[in-house]
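What follows is a set of notes on a single structure, which appears directly below.
Computed from the coordinates by the stated procedures, all read-outs in this text should not be read as laboratory data. Note that the structure is a prediction, hence the values are computed from the model and not measured. Reconstructed Cβ throughout: ideal geometry from the backbone, glycine too, with neighbour counts over all protein chains shown.
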Amino acid sequence: EPLWLCVLLHAALHDLPPVPTDPSSPSSSSSRLLTRASAAGRVMCLLVDFDQVFGLDEVDEFWTLVERTAFGRNGANTNGAVSATSRMTAEMLWWQAGIRVPYVPCLSLYISARYKPTKPDMLFFRSSLPGASPFLRVLRLIEAENEAARGSSGVNIDTMTKSMTFSEMASYRSIAMLPHIPNALRLSDMYCIGIPLFIPDEPMIHKFIWPDDPLPLLSKIRMPAMRGANTSEPSPLDFQVAGRRYYQFRRERHYWLQYTEWWVRPHLLHFSSARDLLEKAMLSGEEAASVSQKMRKQQEKLKIEVLD
């Protein structure tokens, strides 16, 4: 990151002498780049933060570099290989620049902790989203209402207020998260551990998942060859320009949601409201163990597909 810097590095390599074909040559490995395209699935993708360093008048020259270096066109005659860490980023690269790259998901293989619940409580993962605090306040109000009516609020939902180890997180029966971007490393972390994970269902998830990013360079956000392209898919740009007007572009939001990691990963649990989350948080130990086992099987399947 930023992804545009990887393009510039590819361009620098492109102007160097040809890479030796002898595999034993030290320069054979050092002169080719492996780029893991992330950008967290953001719609600006190749141009995230480009305006912080360059101006609008330099965008066209940048697109020329992308074309000249065959960035993302993986092959023996290019200066490296590119893969996407999320399906959303892969689709953004295609929409923005006509580049098709393989989707190789983040698997968080550095984590050794595994799901081992020692308490029946839920952990509400920390969030700095503007909508997180109001949601938590409503959650606490409903808890108080349930406690007054039943004498108990049901399962305890602990709010993460400080840093925690993965093992500490794994001791909870389940975790609730509010997605803040289309692809978050915390999702692959929890998936690797195998913790049953609750996320908002549609339409509620659209209040959180699309980042409220500045969107400069809109007139040149797509590569020139793609600006007039006729595609059957809805634009990922219009509804993000609309920001928090959730009543608009419902079809577009629904379409692009399918490419976010929160929708790509199976066996995630969904809630439609704060009250619904409180009800579903009371899943039994057996139900939680069943969900965790399915997540672990999917994790192993992904690992085999990625590493083979």
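Not counting the cut sites, what is the longest span of the chain without trypsin sites (Lys or Arg not before Pro) that DSSP labels loop and that have at most 16 other Cβ atoms within 10 Å?
On the way: sites that count: Arg32, Arg73, Arg100, Arg114, Arg126, Lys162, Arg244, Arg245.
Formally, the longest exposed-site-free interval is 163-243.
Kindly state, to the nearest 0.05, the FRET efficiency for Asp212 paired with Gln258, given R0 = 22 Å and r defined as their beta-carbon distance.
Values: r = 21 Å, r/R0 = 0.97.
So, using R0 = 22 Å, E works out to roughly 0.55.
Under 5 Å from the amide H of Phe271 lie the amide H atoms of Ile199, Asp201, each residue being 5 or more positions distant or on a separate chain, with H modelled from the backbone and absent for Pro and chain starts.
The spread of Cα positions in the chain, taken along each principal axis and listed from longest to shortest, comes to 75, 48, 34 Å.
For the chain, the Cβ-based charge dipole about the Cα centre amounts to some 660 debye (Lys, Arg positive; Asp, Glu negative; other atoms uncharged). Model label sites at Asp201 and Leu136, defined 7 Å from Cα along the beta-carbon direction, differ in position by 2.5 nm.
Relative to the 2.2 N^0.38 Å rule of thumb, region 41-136 has a C-alpha radius of gyration ratio of 1.56.
With a Förster radius of 41 Å, plug the Cβ-Cβ distance of Ala229 and Asp276 into 1/(1 + (r/R0)^6) and report the FRET value to the nearest 0.05. Don't skip to the end; give the middle numbers.
Details: r = 41 Å, r/R0 = 0.99.
Efficiency at R0 = 41 Å is approximately 0.50.
If you take the square roots of the eigenvalues of the alpha-carbon gyration tensor of region 214-308 and sort them as a ≥ b ≥ c, do you get rounded (a/c under 1.5), prolate (a/b over b/c) or oblate? Oblate shape, in that a/c is at least 1.5 and b/c is the bigger or equal ratio. Computed from the Cβ-Cβ distance with R0 of 22 Å, the FRET efficiency linking Thr165 to Asp121 stands at 0.85. Simple spin-label estimate for Arg150 and Glu61 gives 6.5 nm between the two label positions (7 Å along the Cα-to-Cβ direction from each Cα).
Determine the shape class of region 118-197: with a ≥ b ≥ c the square roots of the Cα gyration tensor eigenvalues, call it rounded for a/c under 1.5, and otherwise prolate if a/b is greater than b/c, oblate otherwise. Numbers along the way, then the final one.
Values: a/c = 2.47, a/b = 1.40, b/c = 1.76.
Verdict is oblate for region 118-197.
Our estimate of slack between Ser219 and Lys297, defined as 0.36 nm per intervening residue step minus the Cα-Cα distance, is 23.6 nm.
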